[in-house]
Amino acid sequence: MKGLKTKSLDFDVLILAGGLSRRMGADKASLDLAGKTLLEHLLAGAAAWGGQDILVSGPSRDWPQARYVPDAPGHPPSSLRGIYTGLLAAASPWVLAVGCDMPFVRPEVVSRLWQAKNAGGAVAKWHNRLQPLPGLYPRQGAAVIAELLAENRFHLAALLDHLQPAVVRDIQQVDPEGWSFFNINTPEELAAARERLESLGM
């Protein structure tokens, strides 16, 4: 799929949709939120972020239609494995990675990450914590991830330690409430997302 903006930036969007969803107890990408699946919400949002291709890591699904890329074999499911898959499949030199359970990512946040990037990419700091998702990663970072996977190190913090991406410390200027970093892992968080959409009249 292609971004809908007339001006495209040199990154591909990667939606991570290969997790086990243990806390939710169901495939999160297929959960209903205001009449659309979470994955549909992400695909619609990603089309407005100004990138090139939109990739979805994880198993292919009957709906919605998307460019699915199967996760690399030989490692347990993890966000790190999903990012590795996306970096290998990407045609652009940069990949904007986001979870399929993050329906409120603002385009302004994506723009700030793009503007701030260094050779290791860019992430935001929210509530005194680095937020690896959404995060901008260099395609060449796949080699670093391969080493981490081989060492059974699956936490995204290890990737940030190696890549040393730029850190956007004033992200609240474009997302004062930090909804771009809200992810849905439990039924309670899904209910909170529904309440937010209702408050927005959606």
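The values are calculated or read from the model by the stated rules, or taken from the named source; none is laboratory data. Just so it is clear, the structure is predicted and the values come from calculations on it, not from any experiment. Here Cβ is always computed from backbone atoms with ideal geometry, including for glycine, and neighbour counts include all displayed protein chains.
A few points about this structure:
- Any chance ALA124 is free of Cβ contacts under 8 Å to residues at least 60 places away in the same chain, surrounded by fewer than 22 Cβ atoms within 10 Å (Cβ to Cβ) and of a type in the set (A, V, I, L, M): no
- Reported count of residues in the stretch 163-185, each being loosely packed, with under 14 Cβ neighbours inside 10 Å and either in contact with a Ser or Thr (Cβ under 9 Å, 6 or more places away or on another chain) or in a loop (DSSP other than H, G, I, E, B) (or both), is 5.
- Among residues of the stretch 59-76 being under 17 Å from ALA142 (Cα atoms) and under 15 Å from the mean Cα position of the chain (by Cα), the one that is modelled with the highest pLDDT is VAL69.
- In the stretch 117-130, the count of residues that are in a helix (DSSP H, G or I) and at pLDDT 95 or above is zero.
- Residue check: ALA146 meets all listed conditions (1) over 17 Å from GLU108 (Cα atoms); (2) part of a strand (DSSP E or B); (3) of a type in the set (A, V, I, L, M, F, W, C) but one, namely (2).
- Cross-chain or 6+ apart pairs with Cβ under 9 Å, the stretch 88-102 first and farther than 17 Å from ASP71 by Cα, then among the β-branched types (Val, Ile, Thr) and part of a loop (DSSP other than H, G, I, E, B): ASP101/ILE184; MET102/ILE184
Residue-by-condition table, conditions (1) hydroxyl-bearing (Ser, Thr, Tyr); (2) crowded, with 22+ Cβ neighbours inside 10 Å; (3) farther than 18 Å from TRP49 by Cβ:
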residue	(1), (2), (3)
THR85	yes, yes, yes
PRO93	no, no, no
TYR137	yes, yes, no
ASN152	no, no, yes
ALA191	no, no, yes
